[in-house]
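Comments concern the structure below.
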């Protein structure tokens, strides 16, 4: 368990950097152009994620779950 406590901060750092990169690579949603701040909201069309966009979306979810699990493990351990 002592080895995990020394390696876990590095794992969390790597996961957080990967998470930032994955989020920045994604295309912004059309509905976030100001509707949260009182704007009209623009074109609210639904689009299906395909190809690389779907991969980035799923990878972001997986990395977020791994980051949350590592943070919980650091809290417990």
Does the stretch 9-36 hold any residues that are at pLDDT below 60 and surrounded by fewer than 12 Cβ atoms within 10 Å (Cβ to Cβ), and which are they?
-> 34, 36
Could we say that residue 71 is part of a helix (DSSP H, G or I) and at pLDDT below 75 here?
-> no
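The values are calculated or read from the model by the stated rules, or taken from the named source; none is laboratory data. A quick note: this is a predicted structure, and the numbers were derived from the prediction, not measured. Heads up, the Cβs are rebuilt from the backbone with ideal geometry, glycines too, and the neighbour counts pull from every protein chain shown.
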